[in-house]
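What follows is a single structure, written as structure tokens, with notes after it.
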Amino acid sequence: MKKKPLIKFISHLNFDIKKNYKLYRKVMEIVYAHPFQKQTGKKQLITIKDREIPIYLFTPKTRKQEKVILFYHGGGFVSGSISSYNGFCQALADALDQLVIVTDYRLAPEFPFPNGLQDCYEVTEYLYTYLKKQGKKEEDITLMGDSAGGNFTAVISLMARDQKAFSVYQQVLLYPLLETRHDNALLFPSFFTNGNDYLLTNKQVDDYLHLYLSKEEDWDQDYTAPLRADLSNQPRTLIVTAQYDPLRDDGKNYTKKMKKYGNEVDYFEVPEELHGFLLRNSSRKNIQLVLEKINLFINRK
């Protein structure tokens, strides 16, 4: 990819997310328009431990609801919301002909780790129980998330295994963040080669993590950095990365480790793309390509 002057200029603005995270949230709501028609999902509230957690249901145009995707949105654990993901989640539901359910989890730094993760895990556990009562099988349910939501997806699969609460059949990780410390340039070369000129910078990643992880010990555990975890008995997995994403090697390294533990895993790197491209108007063709890859993976026997 030729470095586009505007992308490079924006990348070097050096916006301080840690000091201005509230403003950053509002800016992201405006920036992340989606090429598909926006439709608001149907809001419902789930009460868990005397706390109401909003979820949003996106029904495909065909109105079929035979299979279900449980989706966790990105935003660096700090931003991202149902309004910025409306278009993509509806497009996902329509392209895969499945019901998409999104958890509107609490954000850092007001609610640091493990609050947002716990929201997503508890909603997932609740929905697995509910959906099974409705006749759904484990193979009818897919966990999916992008960026920070990809982190949640991987961690929820680990938690489900560890706590033996439910069994995850398959998951899709979209340009996920899977490690908290990227200082080893041999293991994470993309963090350095793609970390300054391609919108998401390595400084921004560190800012997000400092807002999300309020305690030093939180940086070095399996449920924040799943790349460090025992990856035995994990679900069949599709990992999608972008060529010019600083987090590209999180996905690459996770793929290698998943295979080492004997898991079924597919890896797909989208050429000439940046982190977060699934929410960008300029990436219409590659969005369709990824939706096709997800569809093939989910429906492969």
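The values are calculated or read from the model by the stated rules, or taken from the named source; none is laboratory data. Values in this document were obtained by computation on a predicted structure and should not be read as measured data. Every residue, glycine as well, gets a Cβ built from its backbone with ideal geometry; the counts of neighbours run over all protein chains shown. Accessible surface areas use protein heavy atoms only, side chains included; no ligands, DNA or RNA. Shrake-Rupley method; radii C 1.70, N 1.55, O 1.52, S 1.80 Å.
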In whole Hz, the Karplus estimates of ³J(HN,Hα) for region 64-69 (6.51, -1.76, 1.60; θ = phi - 60°; x where Gly or Pro) are 6, 9, 6, 10, 9, 10
Length-normalised contact order of the chain, Cα under 8 Å, at least 6 apart, in percent, tallies to 19
Largest fluctuation, Y212, Y175, Y126 only, Gaussian network model of the chain with Cα springs under 10 angstrom, belongs to Y126
Here the residues of region 50-81 lying in the modelled label zone of Y130, meaning backbone nitrogen under 14 Å from a point 7 Å along Cα-to-Cβ, are 51-59, 68-71
Calc'd 3J(HN,Hα), region 261-277, phi into Karplus 6.51 cos²θ - 1.76 cosθ + 1.60 (θ = phi - 60°), Hz, glycine/Pro = x, comes to 8, x, 8, 7, 9, 10, 10, 9, 9, 7, x, 6, 10, 10, 4, x, 5
Listed residues L279, L131, L177; largest mean-square fluctuation, Gaussian network over the chain with Cα springs below 10 Å, found at L131
Long-range amide H partners of L177, meaning residues 5 or more apart or on another chain whose placed amide H is closer than 5 Å, are S147, A148, G150, N151
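Compute, for the chain, the length of the dipole vector about the Cα centre, with Cβ point charges of +1 (Lys, Arg) and -1 (Asp, Glu) only. Units Debye, rounded to 20. The partial results should precede the final answer.
Details: 42 positive and 37 negative charges, 185 e Å.
Using Cβ point charges on Lys, Arg, Asp and Glu, the chain gives about 880 debye.
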Taking a crude spin-label model, label points 7 Å out from Cα along the C-beta direction, the E264 to T47 distance in nm is 4.0
Per the charge dipole of region 242-301 (beta-carbon charges, Lys/Arg positive, Asp/Glu negative, Cα centre), the residue among L278, Q243, F268 reaching farthest to the positive end is F268
Treating only Lys and Arg (+1) and Asp and Glu (-1) as charged, each at its beta carbon, one finds that region 189-265 has a dipole about its Cα centre, in Debye to the nearest 20, of 480
Note: E29 to N281 extended length (0.36 nm per residue) minus current alpha-carbon separation gives 89.3 nm
Distance in nm between T193 and E66 label points, each 7 Å along Cα→Cβ, equals 4.3
In region 144-301 the accessible area split gives carbon plus sulfur, as whole percent at 1.4 Å, a share of 49
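Compute the Cα gyration tensor for the chain, then decide on rounded, prolate or oblate, letting a ≥ b ≥ c be the square roots of its eigenvalues: rounded whenever a/c is under 1.5, prolate when a/b is larger than b/c in the other cases, and oblate in all that remain.
rounded
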Honestly region 170-253 on the Cα gyration tensor test (a ≥ b ≥ c root eigenvalues; a/c under 1.5 rounded, otherwise a/b vs b/c for prolate or oblate) is just oblate
Semi-axes a, b, c in Å (a largest) for region 118-176, each sqrt of 5 times a Cα gyration tensor eigenvalue, come to 19, 12, 10
Per the C-alpha gyration tensor (a ≥ b ≥ c, the square roots of its eigenvalues), region 157-299 is rounded if a/c is under 1.5, else prolate if a/b beats b/c, else oblate; here it's oblate
One would report the antiparallel percent of DSSP beta bridges in the chain, rounded to the nearest 5, as 30
Across P271, P109, P246, the residue with the highest GNM fluctuation in the chain (Cα network, 10 Å cutoff) is P271
Residues meeting the amide H criterion for Q170 (H placed from the backbone, H to H distance under 5 Å, 5 or more places apart or on another chain) are L143
